[in-house]
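> What follows is a single structure, and I will ask about it in a moment.
The values are calculated or read from the model by the stated rules, or taken from the named source; none is laboratory data. Computed from a prediction, not measured in an experiment: that's the story for all the values here. Every residue, glycine among them, receives a Cβ derived from its backbone with ideal geometry; neighbour counts consider all protein chains shown.
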Amino acid sequence: MDKNHTTFENFQLLEERLISSSSYLFFYENAFSKIKLIREIISNQPLPVLYVDLDFLFSGYIKSNLLEISNLTLFSTLESKINEILPKIFKKLALEPHLVIFDSINGLYNTLSNDADSGRLVNSILMLLVRNVSFSNSILIISALAGKKEDDWILPNGRQILENQEIKKFTISDRSKIIFEK
């Protein structure tokens, strides 16, 4: 993973903005840069980490020992269904604050693709996570491979990401720059 090490030019500004009881949408164009940024966030964070990996890239790095992270609880839909994972996360959040990384909205849509009402279900799950994080003094990062079309964030499947004023947004672009939305 260190072969093509990426240095994020304004990482310190991002780190200062990651505060308890807050949620963040993290838009990316390159999955490997996303993983490098998440690794950097985790390594600088004192909170235990709950990582929900729905695109399986992060899990691959962990299982192949390319990434070693202490104090990490890794969840994936290869081992459990999403409706089994969420109660485990909420139970842990009730006991102590965590850094929760939900990777990714795209993977959640793929997981729920057979559900006729998947859009509503995805939004409900994300809002439930946001609420639980705010009550538990935790931090939530939700990642999404998405692009901006006019003023809206759109997933590759054409679905629009519902925006919420409680969720702050940042984008990684040019593989090393973090851009914050106001």
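> Hey, among S118, S104, S134, S124, which residue is out of contact with any His (no Cβ under 6 Å at 6 or more places or on another chain), among the polar types (S, T, N, Q) and under 17 Å from K34 (Cα atoms)?
Testing whether each residue is out of contact with any His (no Cβ under 6 Å at 6 or more places or on another chain), among the polar types (S, T, N, Q) and under 17 Å from K34 (Cα atoms) leaves just S104.
> Additional query: Any residue at all in segment 152-169 that is closer than 25 Å to Q45 by Cβ, of a type in the set (A, V, I, L, M) and surrounded by fewer than 16 Cβ atoms within 10 Å (Cβ to Cβ)?
No.
> Return the total of residues in segment 65-79 being closer than 13 Å to P48 by Cβ and among the hydroxyl-bearing types (S, T, Y).
Looking only at that region, the number is 2.
> Looking at L67, L37, L25, L13, which one is surrounded by 13 or more Cβ atoms within 10 Å (Cβ to Cβ), assigned to a helix (DSSP H, G or I) and either hydrophobic (A, V, I, L, M, F, W, C) or in contact (Cβ under 8 Å) with a residue 60 or more places away in the chain (or both)?
Criteria check complete, one pass: L37.
> Just for segment 70-89: of the residues that are surrounded by 14 or more Cβ atoms within 10 Å (Cβ to Cβ) and out of contact with any strand residue (DSSP E or B) (no Cβ under 8 Å at 6 or more places or on another chain), which one is nearest to V122 (Cα to Cα)?
I82
> Give me the residue from segment 77-100 that is assigned to a loop (DSSP other than H, G, I, E, B) and modelled with pLDDT of 95 or more and, out of that set, nearest to N44 (Cα to Cα).
Looking at the filtered set, the residue picked out is H98.
> Under 8 Å between Cβ atoms, at least 6 apart or on separate chains: pull out the pairs that start in segment 147-160 with a residue that is without any contact (Cβ under 8 Å) to a residue 12 or more places away in the chain and end on any residue that is assigned to a strand (DSSP E or B) and of a type in the set (G, A, S).
If the second residue must be assigned to a strand (DSSP E or B) and of a type in the set (G, A, S), the pairs left are I154/G147.
> Would you pick out the residues in segment 46-60 that are more than 16 Å from F102 (Cα to Cα) and either modelled with pLDDT under 90 or part of a helix (DSSP H, G or I) (or both)?
Of everything in segment 46-60, nothing turns out to be more than 16 Å from F102 (Cα to Cα) and either modelled with pLDDT under 90 or part of a helix (DSSP H, G or I) (or both).
> Restricting to segment 101-135, name every residue that is polar (S, T, N, Q), in a helix (DSSP H, G or I) and farther than 14 Å from D53 by Cα.
Selection gives S118, N123, S124, N132, S134.
> What are the pairs, 6+ residues apart or on separate chains, where a residue within segment 116-138 that is among the aromatic types (F, W, Y) has its Cβ under 9 Å from a residue that is surrounded by fewer than 17 Cβ atoms within 10 Å (Cβ to Cβ)?
F135/S21; F135/A94
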